[in-house]
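Have a look at the structure below before the remarks.
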Amino acid sequence: MGKLVVNQDKIGKIQEVMKICPFGAMEEVEGKLQINSGCKMCKLCVRKGPEGAFEFVEEEKPSIDKSLWKGIAVYVDHIDGEIHPVTYELIGKAKELAAKVNHPVYALMLGNDIKDKCREVLHYGVDKVFIYDDKNLARFNIETYTASFEDFVNKLKPTAILVGATPVGRQLAPRLAARLKTGLTADCTILDMTEDTDLVQIRPAFGGNIMAQIVTPNHRPQLATVRYKVMNAPKRNSEEAGEIVECSIEPEKLISNIKVLDIIPKEKEEFIEASDVLIVAGRGIKKEEDLKMIDELAELLGGQVACTRPLAENGWMEVKRQVGLSGRTVRPKLIITCGVSGAVQFTAGMNNAENIIAINKDENAPIFKTAHYGIVGDLYEIIPGLIEQIKMRKEA
């Protein structure tokens, strides 16, 4: 990146010069020409403007000693010591990345009375679990958690940090990145590590039409968030390995302007991410009442009903049941899509399912490129027949 420098004494007639910019990024302020936020850095003004009036100056890239940063850290997402499964998935990926550069794997857990609860992480092959155990960390607080996380980074200097894209992680990771003046890539689907310890972060962009490859070569640490069910969790070991390191932070850093007045437990609900069987309704469903047969099929198979974006936007199903980039990422043992075309935004959220069965009357539908088994035909004939067959098998 760089910046534009305006030499006012060489501008001449301001109104004439302003016509050069096709984006309207020039304006006259108190008799001087200024560049506003509409500038696209196309450098047309440098080429077409009065000689010497505009200069593009390249900014110097910051230098960093990468050898001072070592280790892949994973944030342990939990509520009252109950660890979110995305943590184990990230540990599995961290071990894979660390093996490429011979780095240790760290886990960071913040909370109160967690000395025993953090031992579960030791069953997944981390080298060290760092814990900040303090009454001021009993509940998630963006100020105290960010301060503790920053303290951990400053002391350990991990080269990369992986955070689950949970409600807590989505708040904590960007705040930490801003505090540390480093980069953050959200909702990564693929992670890799170069020999130079640069974290290669790949995620869908432009509505899922391309896969963007992002690196942060001039800053450390490197931060990435990953959705649940995207990575593979390692097998739990029966024996513990690694060590627990208790950390402390200055009490004044745990003073917060946020006060929790009350905590009201939310009713437990089933999420489609946790279901082993999903029946997904797509645009091929003509009427909202027709979802009853989708519900019946899901009930017979002991699964849940999900949907694509059009059905959620129509209000036929809750947004939390939407599968895809703008919805939830799922990895069930079986997923049956009913009338789903298979846009890349949808398939990116479910293509890691163990078994994918697609029902669509269009034999050229993109969903058949993702599915393991395809049924070409009218879902209004196939699904009732499938329901009848399942009932007969159960009765037999």
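The values are calculated or read from the model by the stated rules, or taken from the named source; none is laboratory data. All values derive from a computational prediction rather than experimental measurement. Ideal geometry is used to build each Cβ from the backbone, glycine not excepted, and the neighbour counts take in all protein chains shown. These area figures cover heavy atoms from the full protein model, side chains too; ligands, DNA and RNA do not enter into them. Shrake-Rupley method; radii C 1.70, N 1.55, O 1.52, S 1.80 Å.
At a glance:
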quantity: Antiparallel bridge percentage (DSSP; both residues within the stretch 18-154; nearest 5); calculated: 40
quantity: Which listed pairs, of Lys128/Lys235; Lys235/Lys391; Lys95/Lys266, have C-alpha distances above 26 Å, in listed order; calculated: Lys235/Lys391; Lys95/Lys266
quantity: Net charge contributed by nearby residues that have their C-beta within less than 13 Å of Ile214 (K/R +1, D/E -1); calculated: -2
quantity: Extension gain, Ser63 back to Lys10 (0.36 nm per residue minus Cα-Cα distance, nm); calculated: 15.6 nm
quantity: 30 Å Cα-Cα reach of Lys48 towards lysines, excluding residues that sit fewer than 8 places from it in its own chain; calculated: Lys3, Lys10, Lys13, Lys19, Lys32, Lys40, Lys61
quantity: For the stretch 63-140, the fraction of alpha-carbon pairs in successive 10 Å shells from zero, as %; calculated: 19, 47, 25, 9, 0
quantity: Between 0 and 90°, nearest 10: helix 167-180 axis offset from the chain longest Cα axis; calculated: 20
quantity: Accessible surface of the chain [probe 1.4 Å, protein heavy atoms]: carbon and sulfur percent; calculated: 48
quantity: Enclosed volume per residue, in Å³, of the convex hull spanned by Cα atoms of the stretch 149-271; calculated: 210
quantity: Distance (nanometres) between label positions extended 7 Å along Cα→Cβ at Lys43 and Gln171; calculated: 4.4
quantity: Rg to Rh quotient for the stretch 262-396, alpha carbon positions, Kirkwood Rh; calculated: 0.98
quantity: P(r) of the stretch 10-68 over all Cα-Cα pairs, binned every 5 Å from zero, in whole percent; calculated: 4, 17, 25, 22, 10, 5, 5, 5, 4, 3, 1
quantity: Flagged links, alpha-carbon separation over 18 Å, of Lys66/Lys100; Lys229/Lys333; Lys292/Lys361; Lys117/Lys259; Lys70/Lys157; calculated: Lys292/Lys361; Lys117/Lys259
quantity: Relative intensity, log₁₀ I(q)/I(0), of the stretch 197-353 from a Debye sum that treats every alpha carbon as a point, q = 0.08, 0.09, 0.12 Å⁻¹; calculated: -0.39, -0.48, -0.76
quantity: Amide H contacts of Asn355 (H built 1.01 Å from N, under 5 Å, at least 5 apart or other chain); calculated: Leu334, Ile335
quantity: Rg followed by Dmax, in Å, when the stretch 346-396 is reduced to its Cα trace; calculated: 12.9, 38
quantity: Amide hydrogen neighbours beyond the local backbone of Gly125, cut-off 5 Å, H modeled; calculated: Ala241
quantity: Other-chain or far-sequence residues with amide H under 5 Å of Met193's (modelled H); calculated: Val200
quantity: Accessible area per residue in Å² at 1.4 Å probe, computed on the chain; calculated: 54
quantity: Angle between the chain longest axis and helix 86-101 axis [Cα atoms, degrees, rounded to 10]; calculated: 60
quantity: 0 to 90° range, to nearest 10: angle between helix 291-300 axis and the chain longest Cα axis; calculated: 70
quantity: For peptides 58-67, 382-391, sequence by mean Cβ density within 10 Å, most packed first; calculated: 382-391, 58-67
quantity: Label assignment, semi-axes √(5λ) of the Cα gyration tensor in Å derived from the structure, set [x] 44, 35, 20; [y] 36, 24, 21; [z] 54, 31, 20; calculated: [x]
quantity: Equivalent ellipsoid dimensions for the stretch 1-133 as semi-axes, Å, which come from the Cα gyration tensor, largest first; calculated: 56, 18, 12
